[in-house]
Amino acid sequence: MQDQPFRVIVIGAGPAGLYLARALGGAKIDYVRGNHLLLFPHTIRLLHQIGLYDDAKKRSYKLRRKIDMTKSGYVLSDYAMWHLLEERHGYPTLPIQRYDVLEMLYKSIPNGKRLIKTGAKAMSIKETDQGVAVELEDGTVETGSVVIGADGVHGMTKKYIEEAMSKNTTEATDTTLFYTPTASQYYSIYAEGTNTKKIPSGIFYETRDTGRAIQLGADNDKLRIVMYRKLPQQMAGPVPYTAEQMEEFAEALFDMSVAPGVSLGEIWPDFHKHTARLVNQHEGFAKHWHTGRVVITSDASVCTSSVNGLGINCGLHSSHSLISFNKPCSRSSAGNPSTELLREAFARYQHIRARELKAIYNQAYSSMRQLTWDSWKDWFIDRFLRRWIGSDFLVRKYLNPLICKGQILSYVPFEEVSGPLQWKRTPGVPINENKNSEPLVVEQAQ
């Protein structure tokens, strides 16, 4: 198998999996609807590089301001956050539906319709020194050089790696890496509705209270909302909530303002209940990201709450980072690289990317608790200290540097946009891609 071309099998057809497929060259996928996302300027830049910027703008709208409020509607701050991010980095921040991102990426994949394989689900993984074999639900077996798991925090790829590493008594673990088990202390409703109250467009409203919070974005005719509540007790796995439980959840927040002069109870009937979702907010940092030929990325490796909107952005940039670390492997003169070469590349990827993500994970963890006033300290920080420091100081200190360090495909030149704050990574000279190396993406159906 050493003479075979380098072939990647991607498990999971979410945004990270499809971005991997688009960046690597092709895919076989199927997908379902999900929640809405917030794409920051460095991620819009990634979409621009692969020709999807104009499509993303058509499916979204520009955010300009962020308004922080208490449950009574008292405005704590009104900050032109999104306008200033675009002014400083050149690209806007776009709120967009998950299914729109999936559709954009899928349609951009070369020969996507010809390669699509519906109903595919990975059931098992086997790896040898020569390659990998993934058995699908229909009994077929796909072979390749590498498996990349983008199938989520509870996906089978992560479980495979955990089981394999628990049996491995010879390979040393990097004890300097951050690790925390995946658990849920909060749960949320994601919903989309009609803007019958004519709430102003382009504003991101964030309302806080003890144990609960609401984030609302308004377009001219649409509303997108995320509601947060603290769980009665910590949970370790996914929970299938009912429509009745979702209604009970929402009713507990009816008294909270979602915009000045408008409460959740007034607009909840305007939301589409058949597409709304009640889900747990998973938080966790995986200990093992890879074996010899199997590696995980996106929220399979690091899962944060959605409160700061950076989850999808981190997932796409992690996927890109993984591609960059494995470019030397895909261009190996032997065709199919050795397991040792791949293991070294995966270890470097985890070592560097984990350190980049640790700060983002910690920030999201703290933000969730500060927004829901989880303790007197969190209440004081959110209610007073943040207001005294000022939103712009926090954005300049933490968010602007993060955006400037966004990943980019070194081998895809394009006419990028920039602002006064320059990008730290820029495209290089195109390289010759292996035309025989098409990734296979397997959807993990729920």
Inset, instruction - Give the calculated FRET efficiency between D270 and T210 to the nearest 0.05, with a Förster radius of 35 Å applied to their Cβ-Cβ distance. - result: 0.85
Inset, instruction - Please give the length that would be gained between S77 and R277 if that part of the chain were fully extended, namely 0.36 nm times their separation in residues minus their C-alpha to C-alpha distance (nm, one decimal). - result: 69.1 nm
Inset, instruction - Starting with the highest mean, order 80-91, 313-324 by the number of other Cβ atoms within 10 Å, averaged over the residues of each peptide. - result: 313-324, 80-91
Legend entry - Amide H partners (placed H, <5 Å) of H36, local residues excluded: R98
Inset, instruction - Calculate one ³J(HN,Hα) per residue across the range 272-279 by plugging θ = phi - 60° into the Karplus curve 6.51 cos²θ - 1.76 cosθ + 1.60, and present them in order as whole Hz with x for glycine and proline. - result: 7, 5, 6, 10, 5, 9, 10, 9
Legend entry - Inter-label distance for S338 and V412, nm, one decimal - labels placed 7 Å from Cα along Cα-to-Cβ: 3.2
Legend entry - Protection proxy ranking of 305-311, 124-130, 102-108 - average other beta-carbon atoms within 10 Å, highest first: 305-311, 102-108, 124-130
Inset, instruction - Under a cut-off of 21 Å between alpha-carbon atoms, report the lysines in cross-link reach of K377, not counting same-chain residues fewer than 8 places apart. - result: K71, K230
Inset, instruction - With +1 on each Lys and Arg Cβ and -1 on each Asp and Glu Cβ, and nothing else charged, work out how big the dipole of the range 182-282 is about its Cα centre, in Debye to the nearest 20. - result: 260
Legend entry - the range 182-282 - Debye-derived log10 I(q)/I(0), Cα point model, q = 0.13, 0.14, 0.20, 0.22 Å⁻¹: -0.44, -0.50, -0.98, -1.16
Inset, instruction - Multiply the residue gap between R425 and E244 by 0.36 nm, knock off their C-alpha separation, and tell me the result in nm, one decimal place. - result: 60.3 nm
Inset, instruction - Can you spot the aspartates and glutamates whose alpha carbon is less than 14 Å from K197's alpha carbon? Ignore those fewer than 8 places along the same chain. - result: D219, D221, E266, D270
Inset, instruction - Treating cross-link reach as a plain straight distance, find the aspartates and glutamates whose alpha-carbon is under 19 Å from the alpha-carbon of K107, omitting any fewer than eight places away in the same chain. - result: D30, D54, D55, E438, E443
Inset, instruction - Grab the Cα-Cα distance for Y398 and S375, subtract it from 0.36 nm times how many residues apart they are, and report the gain in nm with one decimal. - result: 5.9 nm
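Any read-out appearing in this document is the output of simple, stated calculations on the displayed coordinates, not a laboratory observation. Just so it is clear, the structure is predicted and the values come from calculations on it, not from any experiment. As a convention, Cβ positions derive from the backbone with ideal geometry for all residues, glycine included, and neighbour counts pool all protein chains shown.
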